[in-house]
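What follows is a short report on a single structure.
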């Protein structure tokens, strides 16, 4: 599973990275999380979360609980 946290260039937000790691653990998802600086996947605003090329959110930070809901809702799209 390819998991990417998209951040603005030069602006790493540790909170969103930590929230993603906690949400993955809660959902039983294991994989390497890569922090990517810059625009990709047509995303115009960071932070963003992309799993296997699927953009789950972009433009605003999310709590761990919100990320858990997104992961659980989209889990079938990841395989």
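The values are calculated or read from the model by the stated rules, or taken from the named source; none is laboratory data. These numbers come from a predicted model, not from an experiment. Methodologically, a virtual Cβ is constructed for each residue, glycine included, from the backbone with ideal geometry; neighbour enumeration extends over all protein chains shown.
Go through (1) surrounded by fewer than 14 Cβ atoms within 10 Å (Cβ to Cβ); (2) more than 13 Å from residue 4 (Cα to Cα) for residue 22 and report which single condition fails.
That leaves (1) as the condition not met.
Consider residue 59 carefully, then state whether it is at pLDDT 85 or above and within 13 Å of the chain's Cα centre (by Cα).
yes
With the condition being without any contact (Cβ under 8 Å) to a residue 24 or more places away in the chain and out of contact with any strand residue (DSSP E or B) (no Cβ under 9 Å at 6 or more places or on another chain), I'd like the strands (runs of 3 or more DSSP E) fully within the chain carrying at least 2 qualifying residues. Even if it seems obvious, please write down each step before you answer.
On the way: elements: 3-7, 33-37, 48-51, 54-58.
Where strands (runs of 3 or more DSSP E) fall fully within the chain, none carries at least 2 residues being without any contact (Cβ under 8 Å) to a residue 24 or more places away in the chain and out of contact with any strand residue (DSSP E or B) (no Cβ under 9 Å at 6 or more places or on another chain).
Quick grid of which residues meet (1) at pLDDT below 85; (2) surrounded by 13 or more Cβ atoms within 10 Å (Cβ to Cβ):
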site: 3; (1), (2): no, yes
site: 33; (1), (2): no, yes
site: 41; (1), (2): yes, yes
site: 71; (1), (2): no, yes
site: 76; (1), (2): yes, no
